Amino acid sequence: MKTFFKIFIGLIILLLVKNIYAQPPQQQTPEKMAKMETEQVKSEVALTDSQAVLYENIAFKYANMRGEFRNIPRDSMELFRKKMEELMERKTGEVKQILSPGQFEKYEKWMEERRKRMDRGRRGDTPPNPQ
């Protein structure tokens, strides 16, 4: 009887854990995405408080615009990519206006690293071990 009880409890725990991991990921709101991005850029580029407010407004604006692209059909990936590139160019132009030349250089390096990480993630590559 004890063995049956242990097996029964183990199956219940297994089912609970499975259901927890089966939950769909929570959708990020444009506000949350802009806030997270601003915090990252603030630490990477050393934004002042006033620059951080301006950057967050820009990030929020473009996060909303990216959300509109979700309506583009998946079979139109080339169109999606083109629209995203145009959007990122416009965003970069606005960001450049609020940063000093040195900060903008750091921003561009950060964006390039971010793109590389995203590409590795899409391909399933793992970053090299730094040891």
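Distance check, please: which entries in Lys42/Lys82; Lys61/Lys83; Lys61/Lys96 exceed 22 angstrom between their Cα atoms?
As for pairs spanning more than 22 Å Cα to Cα, those are Lys42/Lys82.
With a point put 7 Å past each Cα toward its Cβ, work out how far Glu113 is from Gln27 in nm, to one decimal.
Rounded to a tenth, the inter-label distance reads 3.2 nm.
Take the Cα radius of gyration of segment 30-122 and divide it by 2.2 N^0.38 Å, with N its residue count; two decimals is plenty.
1.12
Give me the number: length gained by fully extending Glu94 to Met65, i.e. 0.36 nm times residue separation minus the C-alpha to C-alpha distance, one decimal in nm.
9.0 nm
When the gyration tensor of segment 47-95 is built from Cα positions, what are the square roots of 5 times its three eigenvalues, in whole Å, from largest to smallest?
Taking √(5λ) for each Cα gyration eigenvalue gives 26, 11, 5 Å.
Here, each number is a calculation from the coordinates, and none is a lab measurement. Everything numeric here is computed off the predicted structure, so don't read it as measured data. Note that each Cβ is placed from the backbone with ideal geometry, even for glycine, and that neighbours are counted across all protein chains shown.
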